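What follows is a short report on a single structure.
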């Protein structure tokens with residue numbers, strides 16, 4: 001939700017719509033959170049478009065079996081609970097149930113419609129598994145080339161960390177792991193530009209204490225929302241999706257990147273979903289795209305930008321909800 005606020009709070013961005021996919025949590029729950037967020041900041045003119053409820057190929061049953069054969073992963077997202085049986089249940093939300101409804105159009109068709117309506121002007125910001133984007137690519141062969149660029153939070157190259165999730169498995173990253181086939185389809189499509197915020201860069205960021213302390217006393221709905229629903233101490237204190245959004249707004253926040261060919265391992269073995277990369281001249285003979293893989297960040301400037309955006313009035317807001 002905070003990464004959505006980064007874009008919604010910027011006067012330089014026209015948010016055409018918010019598309020939702022199952023990832024960290026089930027799609028319908030995330031739709032409800034997104035609707036409520038828009039109500040809170042007074043931007044109910046922006047619609048929320050539900051997308052895929054499940055990955056293209058990966059199943060909960062196969063993932064459970066793979067954990068027995070190859071070992072468990074640290075984070076399973078929506079599958080970290082009871083599994084598929086609760087995918088369409090929406091528990092009580094801490095911020096209250098939304099009063100508005102999601103759009104009837106699905107995420108993939110909405111994105112396709114937007115790139116045709118605004119050819120070469122639309123950035124697709126993908127902060128979750130790439131299922132919806134892959135469906136759009138498959139539905140419309142011109143979808144990717146009609147976009148301006150693709151911004152992805154995903155992938156892992158060689159993060160310098162002692163965190164158990166990556167120290168022994170440096171190419172593992174949740175968004176790509178949750179739907180490897182979707183990531184494979186998307187990375188093979190003909191985008192004019194692909195920027196990927198990798199784990200390498202994300203692990204060098206933090207929200208607490210700087211950002212949360214910097215928002216104290218701010219009266220904007222966005223700041224109040226962030227402070228109210230961010231429980232301190234922050235257990236996972238990284239600015240994953242926020243960095244991807246902020247770096248699109250201000251590319252100079254990224255101090256180092258690698259321009260490499262990128263793909264995903266879709267073999268159903270122990271490395272299923274891992275990030276694969278090649279330098280120029282070593283890539284396989286496949287229709288791969290080179291990506292700008294971000295690996296380092298100017299953290300103080302990132303934190304300052306987030307504080308400024310979240311503390312500001314929401315552009316074009318009307319009647320924010322309490």
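The values are calculated or read from the model by the stated rules, or taken from the named source; none is laboratory data. For clarity, every value in this text was computed on a predicted model and none was experimentally measured. We place every Cβ from the backbone using ideal geometry, glycine too, and count neighbours over all the protein chains shown.
Observations
- Region 160-194 - residue that is assigned to a helix (DSSP H, G or I) and touching a strand residue (DSSP E or B) at 6+ places or on another chain (Cβ under 6 Å) and, of those, surrounded by the most Cβ atoms within 10 Å (Cβ to Cβ): 183
- Once region 91-124 is narrowed to residues that are in contact (Cβ under 8 Å) with a residue 40 or more places away in the chain, assigned to a helix (DSSP H, G or I) and touching a helix residue (DSSP H, G or I) at 6+ places or on another chain (Cβ under 7 Å), the residue that is surrounded by the most Cβ atoms within 10 Å (Cβ to Cβ) is 111.
- Among the numbered conditions (1) over 24 Å from residue 209 (Cα atoms); (2) touching a strand residue (DSSP E or B) at 6+ places or on another chain (Cβ under 6 Å); (3) without any contact (Cβ under 8 Å) to a residue 60 or more places away in the chain, the only one that residue 277 does not meet is (3).
- Qualifying residue in region 47-61 (condition: out of contact with any strand residue (DSSP E or B) (no Cβ under 6 Å at 6 or more places or on another chain), assigned to a helix (DSSP H, G or I) and crowded, with 21+ Cβ neighbours inside 10 Å): no
- A count restricted to region 125-145 and to residues that are in a helix (DSSP H, G or I) and surrounded by fewer than 20 Cβ atoms within 10 Å (Cβ to Cβ) stands at 3.
- Listed here are the helices (runs of 4 or more DSSP H) enclosed by region 195-289 that have at least 3 residues being modelled with pLDDT of 95 or more and within 23 Å of residue 176 (Cβ to Cβ): 199-202, 240-249.
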